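Notes follow once the structure below has been shown.
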Amino acid sequence: MSTRMRRAGLAFIAATMALAGAAYGVTRPAAADVVAQLNGPQLVADMGAGWNLGNTLEANVNGVPSETAWGNPVVTQAFIDKVRAAGFKTIRIPVSYLGHIGAAPDYTVNAAWLNRIKEVVDYAHGRGLYVLINMHGDGYKSVSGSWLICDAASQTAIREKYQKVWQQVATKFAGYNDHLIFESMNENFDGQYGNPTQPCYSNINAYNQIFVDTVRRTGGTNASRWLLVPGWNTNIDYTAGNYGFVIPTDQYRSSTIPAGEQRLMISVHYYDPWDFAGTEDGTITQWGPNATNPAKKSVWGQEDFMDGQLKKMRDTFVTRGYPVFVGEYGSIDKTTYDSTNNRYRADYARTLVATAKKYGAATAYWDNGWNGQHGFGLFDRNSGAVTQQGIIDAIMSGIGTQPSSSPSASPSVSPSVSPSASPSTGTGACKVTNAVNAWNSGLTNSVTIANTGATAINGWKLTFTLASGQAITSGWSATYAPASGAVTATNVSYNGSIPAGGSVSIGYQATHTGNAAAPTGFTLNGATCS
């Protein structure tokens, strides 16, 4: 299964839309020394719910990438803030280079394009979110100007070009902290939907190895940064099965990484069953155990299948220390055929996210910006308004955080998540949510601080009391003192302002002696968060 048909069809529709624009903005990136190094399980827990800024920086016209080419408006800080406010902690930003790459032997990437990529990354990274950027459309045969083609004859030139482009991208972001993750490529394969072929798969493995070696050798945080690599067409069976996928070696990684830990992730996508998730007709519009019309439900690809697929990834990679990232999933809007369709789209998203979490995988919903018939959109890209709150609530429920549409209701959470009680009133009113991920003698806690007051908070201190026996060993997106007992977390330079209705995410790693409970007694600038 590939999402090529999805992108091609939706891109054609989007290309007919009027192009829109908005002002650029700049946000200061997070400093490289703020974030603690997290192992695989800690990283997956901290990434939370993910979302794709699809059909934007990978959009192109005649092989030249252009942000608005497929009908989406220019990305702004205000829009990314809306995505963050909806509860997403990770944003995947697909990027194409194509005609913005110069001639051999230097293959210089257009400076203005690299700078614009950096601006969009900064919108999210500067707010403390995880950000993933990749090389997206360069490997699609159907895209004009594509060149990262695994069955092309000129593999020596392709590899040289690939190495030069990633060297420039990695150098551009070498000072960014570990909340930035690089992904080597997207859905690379030979364009045939049968079993993988050789030497095509060997070439994909070679691209992944060049990517890892090149990024590591640029130094800075890149020597220890998490890197994401796919197998054949990001297909679970062809990645986890015995079809030829080889995990790259990581010989140039930083010596600060513990010897028993990995810093590579495995990328897959999930759109099964395609007749529900992507086929643009009204034949199959329902999914899961709550389906009411058997004729509208696919005969395969239900919950048991989903569970089995993600379990394969756990058994093959997660158990060996390689976390998994389901970098795309979702289902198109078929409400024009079946008014109940969104109910099943929400069920699908909730189940995928919860199942991935169970098996040690992070996720990112595919949003192409298109709302209405056959669209994946969750937001109006122009206004930032949420268009599919039910699906967003389902995603947050699956990941174990409170749906944003019902802030006063009790959230559906996993046992490791401890929501706060009702926020206080007045200036600085706040709501705090903890997401604790514990193991034998340690834990991480991802803390979301929401400003429920009517005015912005400029500069903040969050105080709380750790459970007996806990001691903070490292933290990110805040400074923490002291390490145990009554702790004060103080904002860092890039997240000191919390707009009314907005939130920031911070976190820490701690040791414990058997009591891994979430902290208590939260106050923000003296106001009780309960």
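The values are calculated or read from the model by the stated rules, or taken from the named source; none is laboratory data. Since the structure is predicted, the reported quantities are computational estimates derived from the model, not experimental observations. Backbone-built Cβ (ideal geometry, glycine too); neighbour counts: all protein chains shown. Surface accessibility is based on the protein's heavy atoms, side chains included, excluding ligands, DNA and RNA. Shrake-Rupley method; radii C 1.70, N 1.55, O 1.52, S 1.80 Å.
Heavy-atom accessible area with a 1.4 Å probe sorts D281, D190, largest first, into D281, D190. Of the solvent-accessible surface of the chain, computed with a 1.4 Å probe and all protein chains present, 54% belongs to carbon and sulfur. As a rough guide to protection, the peptides 299-305, 289-295, 499-505 ranked by mean Cβ packing within 10 Å, highest first, stand as 499-505, 299-305, 289-295. Among the trypsin sites (Lys or Arg not before Pro) found in the stretch 213-249, not one is both in a DSSP coil and sparsely packed, with 13 or fewer other Cβ atoms within 10 Å of its Cβ.
Relative contact order of the stretch 122-204, taken over Cα pairs closer than 8 Å and 6 or more residues apart, is 42 percent. Please state the shape class of the stretch 149-208: rounded when a/c is under 1.5, otherwise prolate if a/b exceeds b/c and oblate if not, all from the C-alpha gyration tensor. Judged from the Cα gyration tensor, the stretch 149-208 comes out oblate (a/c at least 1.5, b/c at or above a/b).
With semi-axes defined as the square roots of five times the eigenvalues of the C-alpha gyration tensor, the equivalent ellipsoid of the stretch 174-275 measures 27, 14, 12 Å, largest first.
Between the C-alpha center of the stretch 464-489 and that of the stretch 154-172 there is a gap of 43 Å. Summed over qualifying helices (DSSP H, 4 residues or more, each -39500 (n - 2.57)) and divided by its residue number, the chain shows a 222 nm mean residue ellipticity of -7500 deg cm²/dmol. For the pair V64 and T473, the difference between a 0.36 nm per residue extended length and the Cα-Cα distance amounts to 142.5 nm. When peptides 372-378, 233-239 are sorted by average Cβ neighbour count within 10 Å, with the highest value leading, the order is 233-239, 372-378. FRET efficiency for the A385 to D151 pair, using the beta carbon distance and R₀ = 45 Å, is estimated at 0.55. Its alpha carbons give the stretch 199-339 an Rg and a Dmax of 18.8, 57 Å.
Taking the longest Cα principal axis of the chain as reference, the axis of helix 303-316 is set at about 90 degrees. A viscosity of 1.567 mPa s and a temperature of 4 °C, combined with the Kirkwood radius over Cα pairs in Stokes-Einstein, give a translational diffusion coefficient for the stretch 307-378 of 98 µm²/s. Here K297 sits with roughly 60 square angstrom of accessible surface, probe radius 1.4 Å. For the chain, the relative contact order is 13 percent, taking Cα pairs closer than 8 Å that sit 6 or more residues apart in sequence and dividing their mean separation by the residue count. Remark: the stretch 65-77, residue by residue, has Karplus-estimated 3J(HN,Hα) of x, 8, 4, 9, 4, 10, x, 8, x, 4, 6, 10, 4 Hz, where x stands for each Gly or Pro and the curve is 6.51 cos²θ - 1.76 cosθ + 1.60 at θ = phi - 60°.
Antiparallel beta bridges, as assigned by DSSP with both residues in the chain, represent about 65 percent of the total such bridges. Peptides 169-179, 443-453 ranked from most to least packed by the mean count of surrounding Cβ atoms within 10 Å: 443-453, 169-179. For A103 and T513, FRET efficiency with R0 = 45 Å and r from the beta-carbon atoms, rounded to 0.05? The computed FRET efficiency comes out at 0.15. For the stretch 194-338, the relative contact order is 25 percent, taking Cα pairs closer than 8 Å that sit 6 or more residues apart in sequence and dividing their mean separation by the residue count. Evaluating 6.51 cos²θ - 1.76 cosθ + 1.60 at θ = phi - 60° for every residue in the stretch 102-113, the Karplus couplings come out as x, 7, 5, x, 7, 6, 5, 7, 3, 5, 5, 5 Hz, glycine and proline recorded as x.
Along the stretch 116-122 the Karplus relation, 6.51 cos²θ - 1.76 cosθ + 1.60 evaluated at θ = phi - 60°, assigns HN-Hα couplings of 5, 4, 4, 4, 5, 4, 5 Hz to successive residues, with x for each Gly and Pro.
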